[in-house]
Amino acid sequence: MSRTDPTPLHRLLTALRHLAPTRPAPPVLYQTSTMAALLAGVYDGDVTVAELLRHGDFGLGTFDALDGEMLVLDGVCHRLRADGTVQRAADDDRVPFAAVTRFPHGRPVSLSGPLDRAATYEAVGRLLTSVNLVHAIRIEGSFARLRCRTVARQPRPYPPLSEATAGQAENVFRDTRGTLAGFFTPDYEQGVSVAGHHLHFLDEPGDHGGHALDFTLIEGQVTVAPLSELRLRLPTTDEFLHARTPSAPLDEQIRRIENG
């Protein structure tokens, strides 16, 4: 036998190593651009929907020129328009800001209401692994009322986000079923993303939705998934490279915009 030939024991050990279970890769949050850039009026997208979906099947964001809110569910990218209607986004639609992940399969937890937004977030908070981790959140259920907003497409020259949202369209949906989906983000990420809960809504037929400002949950199933890795992609457009972060405190501005 050649000295280079593997022994039977060596062959057995090699086979066992190949059979050993491998740990699955942790879910990654992929984000393009930052909330601070949106505050500064950086609304031109340099990533397409098709590119974005290569990184995740669940998430949210917005579209070029703020033309609608985005909600990605089960690999489908929905455009939630200012009139409350919904259409499927095209692969070549462009995105200035979004965050997506591959939503892991988990065991849903039942919620019984009625629960207002604060009570729902309190219940979801008890399911978080840590307030220092980003979590993907999906709530499927029945709602007595949802108040949603969507910012309309902005003309050039783009105004700051605080001005763009001042004229936002609001829609109220009553006695409806659907999905609230988005993320809980730690406080230290304010400005990179939106600290706290940031959820968008899509009704069960997929016809109506928007950014959730307020709601009353009758009953539902919530699934929460911690995300310990962040991949942040920054634009290289002139608009982004020369943007100036707003002088007013980011936390104050973002909370005012997100809460209507």
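Where in segment 124-220 are there strands (runs of 3 or more DSSP E), lying wholly inside it, with at least 1 residues that are of a type outside the set (S, T, N, Q), farther than 21 Å from residue 29 by Cβ and open to solvent by 30 Å² or more (accessible area, probe 1.4 Å)?
Once the strands (runs of 3 or more DSSP E) in segment 124-220 are filtered for at least 1 residues that are of a type outside the set (S, T, N, Q), farther than 21 Å from residue 29 by Cβ and open to solvent by 30 Å² or more (accessible area, probe 1.4 Å), what remains is 134-150, 169-185.
Can you pull out the residues in segment 169-203 that are more than 30 Å from residue 228 (Cα to Cα) and either without any contact (Cβ under 8 Å) to a residue 60 or more places away in the chain or touching a helix residue (DSSP H, G or I) at 6+ places or on another chain (Cβ under 9 Å) (or both)?
Within segment 169-203, 172, 174, 175, 176, 177 meet the criteria.
Being at positive phi and touching a Leu at 6+ places or on another chain (Cβ under 9 Å) is the requirement here; does residue 68 meet it?
For residue 68, the condition - at positive phi and touching a Leu at 6+ places or on another chain (Cβ under 9 Å) - is met.
Have a look at 90, 50 and point out the one that is part of a loop (DSSP other than H, G, I, E, B), open to solvent by 20 Å² or more (accessible area, probe 1.4 Å), over 21 Å from residue 196 (Cβ atoms) and not β-branched (Val, Ile, Thr).
Among 90, 50, only 90 is part of a loop (DSSP other than H, G, I, E, B), open to solvent by 20 Å² or more (accessible area, probe 1.4 Å), over 21 Å from residue 196 (Cβ atoms) and not β-branched (Val, Ile, Thr).
What are the residues in segment 198-249 that are within 20 Å of residue 113 (Cα to Cα) and either of a type in the set (S, T, N, Q) or over 21 Å from the mean Cα position of the chain (by Cα) (or both), if any?
Once the filter is applied, which keeps residues that are within 20 Å of residue 113 (Cα to Cα) and either of a type in the set (S, T, N, Q) or over 21 Å from the mean Cα position of the chain (by Cα) (or both), segment 198-249 yields 216, 218, 219, 221, 223.
Against the condition modelled with pLDDT of 95 or more, within 17 Å of the chain's Cα centre (by Cα) and either closer than 30 Å to residue 158 by Cα or open to solvent by 40 Å² or more (accessible area, probe 1.4 Å) (or both), how does residue 56 come out, does it pass?
Answer is yes for this residue.
Tell me which residues, restricted to segment 227-254, are more than 13 Å from residue 41 (Cα to Cα), modelled with pLDDT of 70 or more and open to solvent by 100 Å² or more (accessible area, probe 1.4 Å).
Within segment 227-254, 231, 236, 252 meet the criteria.
Please work out if residue 70 is touching a residue at least 40 places away in the same chain (Cβ under 8 Å) and over 17 Å from residue 152 (Cβ atoms).
No: the conditions fail for residue 70.
Can you pull out the residues in segment 53-76 that are farther than 21 Å from residue 134 by Cα and assigned to a strand (DSSP E or B)?
Once the filter is applied, which keeps residues that are farther than 21 Å from residue 134 by Cα and assigned to a strand (DSSP E or B), segment 53-76 yields only 76.
Considering only segment 73-95, state which residues are touching a residue at least 40 places away in the same chain (Cβ under 8 Å) and not hydrophobic (A, V, I, L, M, F, W, C).
Of everything in segment 73-95, those that are touching a residue at least 40 places away in the same chain (Cβ under 8 Å) and not hydrophobic (A, V, I, L, M, F, W, C) turn out to be 78, 81, 83, 84, 85, 91, 92, 93, 94.
The values are calculated or read from the model by the stated rules, or taken from the named source; none is laboratory data. Predicted model only: the values in this text are computed from it and were never measured. So basically every Cβ, Gly included, is an ideal-geometry build from the backbone, and we count neighbours across all protein chains shown. Only protein heavy atoms, including side chains, enter the accessible area calculation; ligands, DNA and RNA are left aside. Shrake-Rupley method; radii C 1.70, N 1.55, O 1.52, S 1.80 Å.
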